[in-house]
Amino acid sequence: MDLSLDWMNESVPEAECSSGILKTEAELAQWSTQEGLSEADKGVQLLESGLPPQKIWALNSLDIVIKEGGSRILSRIFSHIMSWDEQMQIASGIGFLSAVKKRYIPKSFFQDTLELTLTFLSFYSRTVLEVWMPVFNSLISQISVDLIKSKAIPMIILLSDYTQKPISRQVSCQLLNSLAEVLGKEFKGQILQRAKALSQDTNGDVRQEMCRSWQSIAKVVGTSVIEELIFFEAVKLVHDAMIDVKAEAVGLFIQLLPYLSYGFLEVQAMPIIKNELFVEIPISIQVKLSQYIGQLFLSIKSILTKEDRTSCTETIARLANSDITVRKNLAFNIPAVFWALGTCKNLKAIVTKLASDEEAEVRVLIAAGLHEIVRQDPSCKILRKAATQLYENPQTQLSMLKSMHHWQCYFQPSELLTKFAAVVNSANWRTQLTYLSQIKETFRQFPMKDVVDIFIPLLIYKMQSGTWPLKISSAELLASILYHNYYMTRKLDICNILKDKFARSNCCNNRLIFLYFIDYILPLQSKQFFSLVFAEDTIRLGSDNVSSVRIKFATMVPQIRESLQNQWITQLNNVLANLVEDPMQTVRESAQASRNILKSDEYNNKLQSEEAQKNEQKKLKFEEEQGGQESREQDEKKKRMVDELAAKARADMQQSKSGTLKSRPSLGKIARPEVSSTSKLPKPSLKQPVAVKKKMFSS
């Protein structure tokens with residue numbers, strides 16, 4: 001193919017400047033502000049004469065502007081905000097929320113801010129409502145009760161009037177919710193009656209919103225108000241014609257049960273439960289019932305009859321065959337169900353069914369709480385089989401292993417830890433980070449010997465071959481395990497392995513990760529231990545030929561100095577002096593910063609403080625106790641071996657005795673001559689000769 005390249009010799013055409021990019025001096029002046037203005041002055045100027053984007057910026061940063069400007073900027077906003085467009089009103093809501101949370105609104109402006117907030121909450125724009133509702137929720141907890149009663153309650157009652165649009169009545173339900181949290185038992189009288197009216201509103205969305213508000217109101221008004229008013233309103237909502245309202249009311253009804261007295265629960269609540277919940281119900285109501293099923297059974301546990309328990313089990317069985325959302329909720333609540341109803345054959349069958357569910361999410365949820373169920377009946381073969389099934393499944397393994405310390409009575413600790421180590425090894429590095437953090441939280445609940453045998457080799461391998469975040473996380477976990485390891489001989493062996501494989505390695509990454517490990521071990525071990533075991537190799541890395549290692553060492557010098565005994569301080573100072581004159585600028589800067597810290601009075605006072613000495617004494621005492629713990633464990637092991645040998649000897653002796661007794665003729669045969677093999681022999685005479693008698697005595 002012949003390609004012509006003549007176009008390369010042609011002149012490049014000049015680019016045309018777009019006139020839209022250039023600004024006139026007047027436009028530039030409008031977009032800019034004066035130099036040297038404070039944030040408050042800049043905000044005032046932008047709100048007065050800025051372009052819409054500048055005004056929105058000032059409103060979004062209202063907390064900074066109010067902090068400096070205070071009254072001046074708020075007065076300006078209150079006088080102009082109602083004339084702004086919706087976008088600026090939304091921006092002002094975001095700014096007011098930040099200012100209220102940080103308590104930058106002066107108390108003298110609380111009333112104006114409250115009135116402004118309630119005014120915006122009377123708008124019909126859902127976008128504006130969503131922005132300003134959090135402002136009210138944050139503000140209501142800061143203003144006085146008198147201001148709430150005089151200003152907030154009248155406006156809320158006005159918003160909740162039946163002549164208002166449904167969206168305003170919905171908002172008033174949410175406002176009552178916030179008021180209840182602040183007023184507590186003062187939530188009564190007219191405002192409580194208004195809540196009752198909203199609960200019977202003609203609009204279904206309002207009734208549904210009021211179901212959520214009743215839950216907050218019930219927490220503060222007390223049992224008498226619940227039994228006299230709220231419970232019966234909840235029952236009306238449970239019988240509502242709209243399915244969505246009825247579903248929300250079921251959640252409200254169940255959450256009211258713990259507040260009811262025993263007699264009221266038995267007489268008033270139980271019939272509703274039997275007729276409305278223990279029957280065939282739509283999926284949306286099943287979802288809400290399964291969400292609160294554990295709380296339901298725990299609340300009515302004391303009044304359940306044998307027939308009621310059968311109905312409960314049948315209801316759970318229906319939920320276990322329902323939609324996936326229902327099954328997920330049931331799997332999450334099944335431990336509470338067992339605590340309430342106890343273990344029975346039907347419930348165990350339901351657990352087995354959920355444990356083998358086709359959806360992995362259901363199996364994961366049942367695996368996370370299965371230890372609570374098995375704890376109630378440890379000898380149950382059905383539950384143990386379900387546990388083993390989930391334990392062997394890769395999808396549910398992590399959920400089981402997150403609570404693996406609960407499973408030590410059912411599985412061998414070494415088996416659990418080995419399984420967990422295998423799971424860690426097979427996952428991607430991000431998941432491995434999660435697993436390592438889980439190990440860090442739980443490893444102390446396992447025998448230390450198993451932890452050391454299984455995880456130390458794994459962590460050393462990860463420090464050598466993992467990604468950098470995984471190396472650092474492994475170094476942190478290794479430092480924690482090494483600190484809690486009370487087998488001193490093994491501990492020193494591990495330290496020697498770390499020094500050989502990392503501190504003295506030819507690979508600079510290994511030497512660098514060793515310093516990260518030292519960084520984690522420094523706050524844990526005593527000066528005596530660190531100086532004896534790690535000081536020499538650590539200080540030598542300060543003269544490493546790789547700059548990244550020297551930089552890390554230079555940043556660690558103050559921490560290393562805190563953990564050194566006096567005989568190593570001179571050597572550390574010499575290395576630091578060399579680092580200050582290092583050819584690499586980054587190394588020099590880090591070393592100089594560390595030197596400045598070492599020379600500071602604050603640092604020296606910290607070294608000599610009483611708190612530092614107490615911490616050192618605690619570390620020494622802990623290390624001494626570790627040595628004693630190892631010797632006690634050895635003594636217990638010897639005693640256990642002696643007891644086992646003694647028990648075995650007793651068992652052997654009993655077995656030999658029983659064998660001897662079996663080989664002797666039975667007393668029955670001796671007593672019955674007709675059965676004995678010697679029955680044909682002649683019977684001895686009862687009168688023996690005198691000579692025989694003398695012979696017997698002489699013998």
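The values are calculated or read from the model by the stated rules, or taken from the named source; none is laboratory data. Computed from a predicted model, the values in this text were never measured in an experiment. All Cβ positions, glycine included, derive from the backbone under ideal geometry; neighbour counts span all protein chains shown.
Within region 556-604, the set of residues being among the hydroxyl-bearing types (S, T, Y) and either touching an Asp or Glu at 6+ places or on another chain (Cβ under 7 Å) or crowded, with 19+ Cβ neighbours inside 10 Å (or both) comprises S563, S590, S594. One residue stands out in region 106-127 among those that are part of a loop (DSSP other than H, G, I, E, B) and without any contact (Cβ under 8 Å) to a residue 40 or more places away in the chain: the one that is farthest from the chain's Cα centre (by Cα), namely F123.
A single member of R444, R430 is more than 17 Å from A317 (Cα to Cα) and in contact (Cβ under 8 Å) with a residue 40 or more places away in the chain, and it is R444.
Checked against the criteria, T352 does not count as of a type outside the set (A, V, I, L, M) and part of a loop (DSSP other than H, G, I, E, B). Pairs are defined by a Cβ separation below 6 Å, a sequence spacing of at least 6 or placement on different chains, a first member in region 355-381 that is over 12 Å from Q395 (Cα atoms), and a second member that is among the hydroxyl-bearing types (S, T, Y) and assigned to a loop (DSSP other than H, G, I, E, B); the pairs so defined are H371/S403; Q376/T343; D377/T343. Against the criterion of being among the polar types (S, T, N, Q) and buried (at least 22 other Cβ atoms within 10 Å of the Cβ), S284 does not qualify. Considering only residues in region 67-106 that are over 20 Å from L118 (Cβ atoms) and among the acidic types (D, E), the one that is modelled with the lowest pLDDT turns out to be E68. A single member of V580, V587, V642, V575 is among the β-branched types (V, I, T), over 36 Å from the mean Cα position of the chain (by Cα) and more than 30 Å from S547 (Cβ to Cβ), and it is V642.
Restricted to region 508-523, and to residues there that are aliphatic (A, V, I, L, M) and outside any loop (DSSP other than H, G, I, E, B), the residue that is surrounded by the fewest Cβ atoms within 10 Å (Cβ to Cβ) is L512.
Okay, residues lined up against (1) basic (K, R); (2) free of Cβ contacts under 8 Å to residues at least 24 places away in the same chain; (3) within 22 Å of N275 (Cα to Cα):
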residue	(1), (2), (3)
E181	no, no, no
G204	no, no, no
R212	yes, no, no
I217	no, no, no
I243	no, no, yes
K246	yes, no, yes
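Residue check: L532 meets all listed conditions (1) without any contact (Cβ under 8 Å) to a residue 24 or more places away in the chain; (2) touching a helix residue (DSSP H, G or I) at 6+ places or on another chain (Cβ under 8 Å); (3) not assigned by TED's automatic domain parsing to the domain that holds P469 but one, namely (2).
When T305 is tested against the conditions (1) more than 29 Å from the chain's Cα centre (by Cα); (2) surrounded by fewer than 20 Cβ atoms within 10 Å (Cβ to Cβ); (3) in contact (Cβ under 8 Å) with a residue 24 or more places away in the chain, the lone failure is (3).
Pairing residues of region 572-585 that are without any contact (Cβ under 8 Å) to a residue 60 or more places away in the chain and under 15 Å from E536 (Cα atoms) with residues that are surrounded by 14 or more Cβ atoms within 10 Å (Cβ to Cβ) and of a type in the set (D, E), at Cβ distances under 7 Å and at least 6 apart in sequence or on separate chains, gives no pairs at all. Here Y410, Y391 are screened, and the one residue that is of a type outside the set (D, E, K, R), in contact (Cβ under 8 Å) with a residue 24 or more places away in the chain and part of a helix (DSSP H, G or I) is Y391.
Yes or no, residue by residue, for (1) closer than 24 Å to Q608 by Cβ; (2) in contact with an Asp or Glu (Cβ under 7 Å, 6 or more places away or on another chain); (3) assigned to a loop (DSSP other than H, G, I, E, B):
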position: I481; (1), (2), (3): no, no, no
position: N496; (1), (2), (3): no, no, no
position: K501; (1), (2), (3): no, no, no
position: N506; (1), (2), (3): no, no, yes
position: Q525; (1), (2), (3): yes, no, yes
position: I551; (1), (2), (3): no, no, no
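Which of the residues belonging to region 617-645 are at pLDDT 90 or above and among the acidic types (D, E)? Hits for region 617-645: nothing passes.
Considering the conditions (1) assigned by TED's automatic domain parsing to the domain that holds R511; (2) of a type outside the set (D, E); (3) buried (at least 17 other Cβ atoms within 10 Å of the Cβ), T434 is excluded by exactly one of them, (3). Taken together, A475, A421 contain a single residue that is small (G, A, S), in a helix (DSSP H, G or I) and at pLDDT below 90, which is A421.
Conditions (1) touching a Gly at 6+ places or on another chain (Cβ under 9 Å); (2) within 30 Å of D240 (Cβ to Cβ); (3) of a type outside the set (V, I, T), marked per residue:
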site	(1), (2), (3)
N275	no, yes, yes
V287	no, yes, no
L319	no, yes, yes
A336	yes, yes, yes
C344	no, no, yes
A367	no, no, yes
E372	no, no, yes
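Restricting attention to region 30-66, the residues that are at pLDDT 70 or above and not in a helix (DSSP H, G or I) add up to 2. The set of residues from region 399-422 being under 21 Å from D453 (Cα atoms) and under 21 Å from the mean Cα position of the chain (by Cα) comprises L401, K402, S403, M404, H405, H406, W407, F420.
Are any of the residues in region 301-315 among the hydrophobic types (A, V, I, L, M, F, W, C), at pLDDT below 95 and under 26 Å from P378 (Cα atoms)? Checking region 301-315: at least one residue is among the hydrophobic types (A, V, I, L, M, F, W, C), at pLDDT below 95 and under 26 Å from P378 (Cα atoms). The residue of region 524-555 that is farthest from the chain's Cα centre (by Cα), among those that are closer than 22 Å to H484 by Cβ and surrounded by fewer than 16 Cβ atoms within 10 Å (Cβ to Cβ), is L532.
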